Amino acid sequence: MTTIDQGGSYELGGRLVKRLGYGAMQLAGPGVFGPPRDREAALAVLRGAVAAGVNHIDTSDFYGPHVTNRLIREALSPYPEDLVIVTKIGARRGEDGAWLPASGADDLARAVEDNLRNLGLDRLDVVNLRIMFSAYGRAEGSIAAQVETLARLQQQGLVRNIGLSNVTEAQVEEGRAIAKIVCVQNHYNLAHREDDGMIDGLAEAGIAYVPFFPLGGFNPLQSKVLSDVAGRLEATPMQVALAWLLRRSPNILLIPGTSSLGHLRENLGAARLVLPDDAVGALDEISAAAA
């Protein structure tokens with residue numbers, strides 16, 4: 001058994017993946033724009049992740065743009081049979097690196113083609129539709145037209161499975177009424193637990209939940225609590241935050257990102273970290289303090 005096997009597995013789009021995966025966003029340059037500072041190191045991280053047992057990689061062709069997908073193809077193609085590559089569409093990058101919505105039917109079709117070409121695939125395992133109605137996070141609004149477009153691309157054989165990202169509960173329900181949704185990717189961590197109810201509901205439906213920014217948005221007091229628990233357990237704050245997420249619900253899949261082999265090993269080490277009840281109680285107080 002490898003280290004990450006201790007974190008368990010969960011079904012994603014009809015395939016079983018390790019609950020600890022890898023997010024490729026940080027392999028691009030500063031601001032997720034342009035080439036990596038160290039190309040060989042980026043390739044080594046990807047190969048190291050798969051060698052450690054990772055079989056779920058999260059990416060997008062708007063990372064770079066085009067950078068991370070091409071790195072993934074160079075490092076890992078021909079791909080291992082059990083590897084599930086999840087990508088995102090719904091945004092594009094401006095010439096200055098700005099993140100811009102790109103959710104028209106032509107935009108979405110072009111994004112799918114870009115991902116296919118740069119990953120070297122005939123079909124994408126899972127495509128997350130990223131909703132960008134607001135620059136400040138999630139915002140209500142109908143996503144029917146976008147989901148219907150993605151469903152047509154699925155019918156054409158270009159996409160196996162559909163996921164949603166940056167969405168509200170109402171949008172998840174709207175999307176599920178149009179097509180089968182296999183995962184939801186939202187901002188969630190110890191300090192930001194607005195999706196507690198959504199996670200439980202998705203677990204009942206057998207749908208994976210993929211949180212991003214596991215340490216994003218902590219205030220200094222919350223960070224101190226996390227650091228104190230980590231010190232007591234002789235672990236890093238990131239390992240503790242990831243271990244808490246693994247314990248939170250069995251349908252949670254993690255995609256911590258890094259451009260460092262050392263940090264990759266640290267992150268994957270969270271799978272073997274067992275949080276005692278008193279540590280969980282202290283960590284749960286982080287969200288209580290944020291409420």
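Summary of computed values
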item: Residue-averaged [θ]222 nm for the chain, counting only DSSP H segments that reach four residues, each worth -39500 (n - 2.57); result: -12500 deg cm²/dmol
item: FRET efficiency estimate (nearest 0.05) - Cβ-Cβ, residue 169 to residue 3, R0 41 angstrom; result: 0.75
item: Residues residue 177 and residue 140, FRET efficiency given R0 of 25 Å [Cβ-Cβ distance, rounded to 0.05]; result: 0.95
item: Relative contact order (%) - the chain, alpha-carbon pairs under 8 angstrom, separation at least six; result: 20
item: Extension gain, residue 260 back to residue 194 (0.36 nm per residue minus Cα-Cα distance, nm); result: 20.7 nm
item: Gain in span if fully extended, residue 277 to residue 151, counting 0.36 nm per residue against the direct Cα distance; result: 41.0 nm
item: Segment 3-290: mean projected area of Cα convex hull, nm²; result: 14.0
item: Computed label-point distance, nm, for sites residue 41 and residue 100 using a 7 Å Cα→Cβ extension; result: 3.1
item: Selection of trypsin sites (Lys or Arg not before Pro), segment 88-153, meeting DSSP coil and at most 15 other Cβ within 10 Å; result: 123
item: DSSP-loop GluC sites (Glu not before Pro) across segment 214-291, with at most 15 other Cβ within 10 angstrom; result: 234
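No value in this document is a laboratory result; all are computed from the given coordinates. The structure presented is a predicted model; accordingly, all values stated were derived computationally and were not measured. Don't worry about glycine lacking a Cβ; one is built from the backbone with ideal geometry, like all the others, and counts go over all protein chains shown.
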